[in-house]
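Worksheet for the structure shown next.
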Amino acid sequence: MKFKYFKFENFKGIENQTLDLRKNTNDIFTLVGLNESGKTTVLEAINFFAYKPESLNALELDNYEVDDIHSLIPINKLDNFNGKIKIEACLEIDAEDIAEIKKEFKSHNIHLQYAGPEITFTQVYHFKNSQHQSKLNERTWTYDFKAKIGKSPKIKQLTNEYATKVNSLVKKNIPSILYFPNFLFEFPEKIYLDESVGNAKDKFYQTIIQDILDSLDNDLNINDHLIKKIESTDKQDRKSLTILVNKMQKKLSEVIFNKWNQIFKKQLSKTEIILVADIDSTGSYIEFNIKDDVDSYSLNQRSLGFRWFFVYILLTQFRAFRKKNKNALFLFDEPASNLHPSAQTELLKSFETLPAVIYTTHSHYLINPKWLENTFVIKNEAIDYENEANYHSRNTNIKIHKYRDFAVKYPNQSSYFQPILEILDYRPTNLELIPKSVITEGKNDFYTFGLIQNLKNVGSSKFNFIPGTSASNLENLISLFLGWGIKFIVLLDSDKEGIKQKERYLELFGISLEDRIITYQDIDESWKNFETENLFDQFDQDKIQTLKYSTGKKFDKKIFNRTIQELVAKNEKIDLTKGTSDNFKKVMQFLSAKFK
């Protein structure tokens, strides 16, 4: 099973919204928005879903649990709320789920003939005069099952009377929702392994120990291969235990420190996980220690950053080895915001190993251009986007928008999706002495020619495009390139501003640069008032801007250039008309001739 959408009604600041996870490119979803926009509220609403096979309560995470349901009443209705808080989740059921359901029905002499692809669960909490009416709570599920009952040949739609016979089975197979508002919690000194131990934290970590055993792929379990061997005095049992513990240590060290080296670019070659498997008056336990070359330390004696990383890897990367209910949905609120940029980028890659992830972020290092189809902008109507300080709590109304739809509808409210724009923007690498460079007016031209250079029907060029910051601000680049003796050309639009700046640069640097500073009109006299976008014919302009964004406008320069940035960032290629291709061929041939 996997979640397809969540619907929320009157949950804190969410009046009536749907987080639609369908039509996605993968199962990693990003939530962006201003501070107080409601990103965390969306995660809290998902976490409030009632049917969860497992809970993180034992970790005692701050802001994980809703202590008082009255805190969920919309702030603008607190004085007299006479409505309902509603959460609906839709799940897709696959062939394996249907096979299990069919088998369970058969045990009740019900022969399943058809099962719809989706099941929805709805939970409703009623309020009167802002007081929760717990007796009126509703929990219902909607399905489409058709079956033959007993020996009857007739196929009928199953009602709740019959469907409840598989209710518990379906609930058991719902993916776990694992919400991490943070990873700042104490790791236990000892993890007791016996199921009879009443401590909720031990019971939670027992599942993690079993994940580690499953990662060894040798049909191991806690009771037979740890507890019994720990309690045994038999020599062979003790030997088997030592071998198993060594294998667990090795696996843990490999997974955790390989990830550490990969993410932090720091080699911890002499560091390893040391496990102590023993017994005390409470029962059998496993103890985690970190060994640095010679000395061993308790995990809680290590730095906060190391403990954060250790627990993150332990709770996520070993999850993939779980044999039952491994299809979890991870919710992360501002993950790794305290890590340096390269570590954030590497951490982002680790999400790809998880079953499904929804995370919030303000950091452009945690934005992957390939996942923009799965990116949502969270907007709070109470926020004045031009002045975040103007916040009107009575107007709180959290809206969930697909990123592309929001960018088209609110092109001037880019502050809501600033991390996305930052990752799409050009980020220069270390300056290199690159010969045959074409300096362009800005990043839009840089991306456009980056797209063109990847197309076979236009032809590759052996020169490099360098983005400036505007037509009027290229003198520093020109000065550097002149000083370094690099062959370069400045390519400007042939509009009024481009022609003006060409004359200014010639006056500033001398007539000797006349052959190096050109406009589109110098390439073709008919290209008067041309900007780079004009090299595309009308058909290609319309085609490109609608590739990623649904807009009815004839031509929107912002959307057009943003789409080109995404195409380049994701290394996607497109087919262009002959007219467009010929225009860019003419530019490339002209530039090549100038360099010769």
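The values are calculated or read from the model by the stated rules, or taken from the named source; none is laboratory data. Predicted model only: the values in this text are computed from it and were never measured. As a convention, Cβ positions derive from the backbone with ideal geometry for all residues, glycine included, and neighbour counts pool all protein chains shown. The area values use the complete protein model at the heavy-atom level, side chains included, leaving out ligands, DNA and RNA. Shrake-Rupley method; radii C 1.70, N 1.55, O 1.52, S 1.80 Å.
Could you check what % of the DSSP bridge pairs in the chain are antiparallel, to the nearest 5?
On the way: 59 of 86 bridges.
Percentage antiparallel, nearest 5: 70.
Quick check on my link table: of LYS2/LYS86; LYS171/LYS548; LYS2/LYS165, which ones sit more than 28 Å apart, alpha carbon to alpha carbon? Intermediate results must be reported in sequence, preceding the final value.
Working: LYS2/LYS86 20 Å; LYS171/LYS548 37 Å; LYS2/LYS165 21 Å.
Listed pairs above 28 Å: LYS171/LYS548.
What is the helix-to-structure angle for 235-264, meaning the angle in degrees between its Cα long axis and the longest Cα principal axis of the chain, kept from 0 to 90 and rounded to the nearest 10?
Once rounded, one gets 20 degrees.
If I take R0 = 45 Å and measure r between the Cβ atoms of THR159 and VAL66 in this structure, what FRET efficiency does the formula 1/(1 + (r/R0)^6) give, to the nearest 0.05? Before the final figure, lay out the partial values.
Working: r = 33 Å, r/R0 = 0.73.
Plugging the Cβ-Cβ distance into 1/(1 + (r/R0)^6) gives 0.85.
For the residue pair ASP582 and THR207, what label-to-label distance in nm results when each label sits 7 Å from Cα along the Cα-to-beta-carbon direction?
6.5
Between the alpha-carbon centers of the stretch 140-197 and the stretch 313-388, tell me the distance in whole angstrom.
Going from one Cα centre to the other spans 26 Å.
Hey, what's the stretch 12-141 come to in accessible area per residue, 1.4 Å probe, Å²?
Numbers: 6420 Å² over 130 residues.
Solvent-accessible surface per residue comes out at 49 Å².
Just by accessible area at a 1.4 angstrom probe, what is the order of GLU533, GLU60, GLU44, GLU497 from largest to smallest?
Working: GLU533 15, GLU60 135, GLU44 35, GLU497 75 Å².
Of GLU533, GLU60, GLU44, GLU497, the descending order of accessible area is GLU60, GLU497, GLU44, GLU533.
Heavy atoms only, 1.4 Å probe, whole protein assembly: order GLU92, GLU287 by accessible area, highest first. List each step's numbers first, then the result.
Values: GLU92 70, GLU287 45 Å².
Descending accessible area places them as GLU92, GLU287.
Keeping the other protein chains in place, figure out the carbon and sulfur percent of the accessible area of the chain, with a 1.4 Å probe. Before the final figure, lay out the partial values.
Details: 13370 of 28600 Å².
Exposed carbon and sulfur together represent 47 percent of the surface.
When the expected Rg is taken as 2.2 N^0.38 Å, what fraction or multiple of it is the alpha-carbon Rg of the stretch 75-142? Write out the running numbers ahead of the final one.
Values: Rg = 18.1 Å, N = 68, 2.2 N^0.38 = 10.9 Å.
Ratio of Rg to 2.2 N^0.38 Å for the stretch 75-142: 1.65.
Which cross-chain or sequence-distant (5 or more) residues have an amide H under 5 Å from the amide H of VAL438, H modelled 1.01 Å from N in plane?
ASN464, PHE465, ILE466, ILE489
Can you tell me the convex hull volume per residue for the stretch 468-521, based on C-alpha atoms, in Å³ to the nearest whole number?
Working: hull volume 3.9 nm³, N = 54.
Given the Cα convex hull of the stretch 468-521, per-residue volume reads 72 Å³.
Taking loop as defined by DSSP and a crowding limit of 15 other beta carbons within 10 Å, which trypsin sites (Lys or Arg not before Pro) in the stretch 507-551 fit?
Of the trypsin sites (Lys or Arg not before Pro), the ones in loops of the stretch 507-551 whose Cβ has at most 15 other Cβ atoms within 10 Å are LYS528.
Each label point is 7 Å from the Cα along the Cα-to-Cβ direction; what then is the distance between the points at THR140 and SER240, in nm?
My value for the distance between the label points is 5.4 nm.
Would you indicate which of (i) 50, 28, 21; (ii) 54, 33, 24; (iii) 45, 27, 22 is the value of semi-axes √(5λ) of the Cα gyration tensor in Å derived from the coordinates of this structure?
(ii)
With every protein chain kept in the model, how would you rank LYS203, LYS128, LYS379, LYS151 by accessible area, 1.4 Å probe, largest at the top?
Order by accessible area, largest first: LYS151, LYS128, LYS203, LYS379.
Take the alpha-carbon centre of the stretch 12-39, take the same for the stretch 58-81, and report the distance between them in whole Å.
19
Based on the alpha-carbon gyration tensor of the stretch 142-269 and its eigenvalue square roots a ≥ b ≥ c, which shape applies: rounded if a/c is under 1.5, prolate if not and a/b is larger than b/c, or oblate?
On the way: a/c = 2.62, a/b = 1.84, b/c = 1.43.
Here the stretch 142-269 falls in the prolate category.
For the chain, what does the relative contact order come out to in percent, with C-alpha contacts under 8 Å and a separation of six or more?
About 14 percent, as a whole number.
If the cut-off is a Cα-Cα distance under 17 Å, which lysines reach LYS554, setting aside same-chain residues fewer than 8 apart in sequence?
Leaving aside lysines fewer than 8 places away in the same chain, those within reach of LYS554 are LYS409, LYS543.
Note the full-extension length gain between SER342 and ALA50 as 0.36 nm times their separation in residues minus their Cα-Cα distance, in nm to one decimal. Working shown, then result.
Working: separation 292, 0.36 × 292 = 105.12 nm, distance 3.73 nm.
The span from SER342 to ALA50 would gain 101.4 nm if fully extended.
Report the relative contact order of the stretch 162-293, percent, no decimals, based on alpha-carbon pairs under 8 angstrom and at least 6 residues apart. Can you show the working numbers first?
Numbers: 122 pairs, mean separation 31.5, N = 132.
24 percent.
Keeping all protein chains in place, calculate the accessible area per residue for the stretch 522-563 (probe 1.4 angstrom), answer in Å².
52
Take the residue pairs LYS23/LYS578; LYS324/LYS570; LYS23/LYS106; LYS52/LYS84; LYS52/LYS203 and return only those whose Cα atoms are more than 27 Å apart. Display every interim value, and only then the final one.
On the way: LYS23/LYS578 33 Å; LYS324/LYS570 35 Å; LYS23/LYS106 34 Å; LYS52/LYS84 21 Å; LYS52/LYS203 16 Å.
Exceeds cut-off: LYS23/LYS578; LYS324/LYS570; LYS23/LYS106.
Once every DSSP H run of n ≥ 4 in the chain is given -39500 (n - 2.57) and the sum is divided by its residues, what mean residue ellipticity at 222 nm do you get, rounded to the nearest 500 deg cm²/dmol?
Numbers: 18 runs with 200 residues, N = 596.
Helix contribution divided over all residues of the chain: -10000 deg cm²/dmol.
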